[in-house]
Structure formats: C-alpha cells, structure tokens
Amino acid sequence: MPRTCNVVVLLSGTGSNLQALLDSSQAPGNPAQISAVVSNRADAYGLQRAEAAGVPTAVLSHTDYDGRDAFDAALISAIDGYSPDLVVLAGFMRILTPGFVRHYQGRLLNIHPSLLPQYKGLHTHRRVLEAGDAEHGCTVHFVTEELDGGPLVVQAVVPVDSGDTPDTLAHRVHAQEHQIYPLAVRWFAEGRLTLAGSGQVHLDGQPLPATGHVIRH
Ligand code: GAR
C-alpha cells in the first residue's frame, strides 16, 4: 500500500477541477488524498464541493490583507497547517509572490487552459479563435515565479472546429483538464513525477520533453 500523499487545493471559483481530483482520489490505490481546500473567495462554489465531500475548507480573503506579501504569508501559514506534500492550484486566480512559489518549489502544480507557453493569462479560448489556430488545449505545469510559467508536465491537445465559439472550445478543453489534472496529481502522489533543481521534469526517472507528456485527441 503506497503512502498517502496529502494534497491541499487552492481555488477561487467553480471548482470543476477540484471535483475531478476528488473523484479520482476515490479510485482504488490512488495515494493522492485531498486534505483541505483553501479559497480567497467565500462565494467560490468549489468550497461547497469540498464540504459535500467532507473535506475541510478555509477562506482567506486577499482584501483583508495589506498587500501581496502579507496575504501570501497568511496563505502559507494556513496551507502549512495541513502539512501538504503537494499544493494544487485549481483556478486560483491570484498572482503569487516569489516567496510563496519558492516555499513550495517542486510541490506546486497549476493547470492552465492553453498549450503553454502559448496564451498565458486570461481569455485563452477567445484568443485562440481570433488567431485562427487549428489546435488548442490545456497544460499542467510546476509553478515558477513567472505567471503561468514553469516546467510542463502534461498537455492535452484538442482540434479547433470551424464552428467553435469561445464557449464550445472552453467546454472541450475543460473536459480534458478533468483528465490530465488527476493524472498528473496521481503521478506525483505515486512518486513517479519529480522536478529537479535544474528545472527538468522527470516521469518514472526519465526526463520529459519541454512540452511535457502530450496527449492528442
Ligand atoms: C480552469 O479552466 C483552469 O485551467 C483555469 O481556471 C479554470 C478553473 O475552472 N486556470 C487558469 O486560468 C490559471 N491561469 P474550475 O474552477 O472549474 O476548476
């Protein structure tokens, strides 16, 4: 029986990725167990998902703190109260301070709705359509100090259809997020996924390419 990997999830909104992680943590033999969900917004629906699953929640509103450093210090102390092995950003819409990112170096994952390094930031689906790209997707990556930056772990690639709108594309990409995030978290929990000091990601002891592991649809 593998040792449990204690995961803390940070979110700001709907929490559909949290739900995918909660569901996958029920799979037989999955050592990833979500011990807490922390939100910067009291009205985040993801908090209700956590409560329905019996997972403890905490809310820290950034508006209660005097600046990013103070907020991130409080966030670290709330998160570390759960002694996480892994911290997972699941739609946590805050820019993190370098100190926060360094504190969780090698055990901080994010998911982003684009094929990074393309389309960092917001409105990725609309921007992909405006650019006329043939492909779009989502990426799980280790977090570094750069917004939506850091070594890539896994990408899912989907085709862009001629009739797509930002909403239809978002729907297709979201469905893939719900596949690749649980996959990456389970790899980490099983000790198969690591980040070396050089920034190189390894899966099962083998270096991954700069794109991470790519799944095409
Ligand atoms: C997801 O699409 C995730 O990729 C995105 O927020 C959404 C959260 O959805 N994250 C980012 O854009 C990070 N830069 P969810 O609350 O339903 O999981």
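Computed from the coordinates by the stated procedures, all read-outs in this text should not be read as laboratory data. Note that the structure is predicted; figures quoted are calculated from it, not measured. Because the Cβ atoms are built from the backbone with ideal geometry, glycine has one as well, and the counts that use them run over all protein chains shown.
Can you tell which of His213, Ala90, His62 lies farthest toward the positive end of the dipole of the chain, using +1 and -1 charges on the Cβ of basic and acidic side chains (Lys, Arg; Asp, Glu)? Positive-end residue among those listed: His213.
Over the residues of the chain, the helix contribution to mean residue ellipticity at 222 nm works out to -10000 deg cm²/dmol, using -39500 (n - 2.57) for each DSSP H run of at least 4. Dimensions of the chain from C-alpha coordinates, computed as largest minus smallest value along each principal axis and given longest first, are 48, 40, 35 Å. Under a model in which nothing but the beta-carbon of Lys, Arg (+1) and Asp, Glu (-1) is charged, the range 1-77 shows a dipole of about 280 debye around its Cα centre. A Cα-only calculation for the range 119-217 places Rg and Dmax at 14.3, 44 Å. If you take the alpha carbon atoms of the range 140-180 and fit the smallest convex hull around them, that volume is 82 Å³ per residue. Remark: spin-label model distance Met93-Lys120 equals 1.9 nm, labels positioned 7 Å along the Cα→Cβ axis. Under the classification rounded if a/c is under 1.5, otherwise prolate if a/b is larger than b/c and oblate if not, where does the range 1-41 fall, given a ≥ b ≥ c as square roots of the Cα gyration tensor eigenvalues? Oblate. For the chain, modelled as a GNM whose springs connect Cα atoms under 10 angstrom apart, the maximal fluctuation among Leu22, Leu193, Leu129 occurs at Leu129. Taking only the C-alpha atoms of the range 1-113, the Rg (one decimal) and the largest Cα-Cα distance, Dmax (whole number), read 13.5, 45 Å. For the chain, a Gaussian network of Cα nodes joined below 10 Å ranks Glu130, Glu51, Glu177 by mean-square fluctuation, and the top entry is Glu130. Relative to the Cα centre, the charge distribution of the chain, modelled as +1 at Lys and Arg Cβ and -1 at Asp and Glu Cβ, gives a dipole magnitude of about 340 debye.
Using a cutoff of 8 angstrom between alpha carbon atoms and counting only pairs six or more residues apart, the relative contact order for the chain works out to 19 percent.
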